[in-house]
1. Show the residues, 5+ positions off or on another chain, whose built amide H is closer than 5 Å to the amide H of A:K181.
2. Under 5 Å between amide hydrogens, which residues at least 5 positions from A:A227 or on another chain qualify, with H placed 1.01 Å from N in the peptide plane?
3. Work out the charge dipole of the protein assembly as shown with +1 on the Cβ of Lys and Arg and -1 on the Cβ of Asp and Glu about the Cα centre, then indicate which of B:L71, A:S197, A:V50 is farthest towards its positive end.
4. Using a Debye calculation, one point per C-alpha and no hydration shell, please list log10 I(q)/I(0) for the range A:1-134 at q = 0.13, 0.15, 0.18, 0.20 Å⁻¹ in order.
5. Could you give the size of the charge dipole of the range B:19-172 about its Cα centre, using +1 on the Cβ of each K and R and -1 on the Cβ of each D and E, expressed in debye and rounded to the nearest 20?
6. Helix B:18-63: angle to the longest alpha-carbon principal axis of chain B, degrees 0 to 90, nearest 10?
7. Hey, got the dipole for the protein assembly as shown? About the Cα centre, +1 on K and R Cβ, -1 on D and E Cβ, debye to the nearest 20?
8. For B:T41 and B:Q57, compute 0.36 nm times the residue count separating them, minus their Cα-Cα distance, and round to one decimal in nm.
Amino acid sequence: MIKGQAAVTDALLFLVIVMILVSFLFIFTSQYGRTVGEYTYAKYGSDYAVSALKTVLYSSFSRNDFSVSDSNEVDYIIAGIKEDYAYNQNIDYFRDDLTGAIKDVMNPVRSSFDYLFFIRIDSTVPFNFPYFFLSRKEFVVEHNGVFVSSVDSVEKTYFCNSSGSLTNADIDNFVIFVGAKGQAVSSITFPLIPNGSHEGLIELVLWTPKDFDEEEEVFIKLGCVPA
Amino acid sequence: MHFFLNKKGYIGPIGDDLPSLIPLMFALIIFFSSFYMTVNTYNDRTVDFENDISVVQISASLRGTGFVSSLQEFNNSCNALNIRQPFFSAGLVELDEEVDVFVLDSQYIRDEDEEELLSDEEELFKCTNSDESLTLEKALSLNSKIVARVYPVVLEKNSRAIPVKLVVVAWKE
């Protein structure tokens, strides 16, 4: 009988050892490739941001009322931005064309990424951020006066820096809050009329849609108004 | 008779250890099941990584500087690729067109400016390493793995820079 008890105890001990090994296998299985998966997704976001920024800036636009394909007077969008800025250090005349181009280029990933696209001027001028466009999805919708979570997100677009008091720190805090998955930056020189120039940056930041409402402090600081 | 007198309850060398065999078998079954599952997951994810990495390589080569100036340039980038597995199909598609991975050949942009006499297939901004295209049947098969990515690029067409999208689809059968 003692021999039988010893055999059962050995078997149970073996079972415990196996359970520990199985736990390690489960942990390995759940973790394996996680970092690589996150890296490839971030790499895709980053590649997309770089491609999108180039595509937006170097696409053609028509300088007259005809479409791009019919017009005999076309130019790069970046030329239009520089020209607009040169007159009054702001992007206003060309704002709609630029916004349309951004929306078109970002359209294929509209369900995967929210984004912001802005121009930052380094020197102190009336508009430190002459153009600041943000697109995000909201998952909470109002239904009969009650706010409910919805699987179908609602895309909202904004022009920010409405108060003109936006700072680099506000943008950095917002980017940290949403967790950027891709970022592209391009330096640019804006010529001025009649002479001189301003150095600036054009930036595109992508992130996986994050559910927050318009009362979020980091979002309020961006000073966004519906586009 | 004396042999059995001092061994009450003894039912044989295996019979005596019978209760211990139950946790032993249980442990072995759990271990080998988990091991099998782990190996399967490892293999599946490795295939996913290979597909992901291939798509990154293909897209990087075809995008180049992000500005495609001609079909010739696109084909040169395509020919520089040396990928046998996974199978892939990549090409340029109009920006506003909804991509359907099963009819990509009909969605790829055709180069109408090409002066050389080319076949219908050669006129397309298309790059692939497979004679067969991806079908719904292949996609639904048990071991199939598909990765699809889209990137915006600029295509020079009639001296205009048109935004289009580069679609890359890779699959393993």
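1. Long-range HN contacts for A:K181: A:L206, A:W207, A:T208.
2. For A:A227, whose amide H was placed from the backbone, the distant partners under 5 Å are A:T157, A:Y158, A:F159.
3. A:V50
4. One equal scatterer on each Cα of the range A:1-134 leads to -0.73, -0.87, -1.06, -1.19.
5. Values: 12 positive and 25 negative charges, 241 e Å.
Computed about the Cα centre, the dipole is about 1160 debye.
6. 10
7. Numbers: 30 positive and 57 negative charges, 490 e Å.
With only Lys, Arg, Asp and Glu charged at Cβ, the dipole is about 2360 debye.
8. On the way: separation 16, 0.36 × 16 = 5.76 nm, distance 2.42 nm.
3.3 nm is the gain from fully extending B:T41 to B:Q57.
Values in this text are rule-based calculations from the coordinates and carry no lab data. What you see is a predicted model; the values in this text were computed from it and never measured. For neighbour counting, all protein chains shown are included, and Cβ atoms are generated from backbone atoms with ideal geometry for every residue, glycine included.
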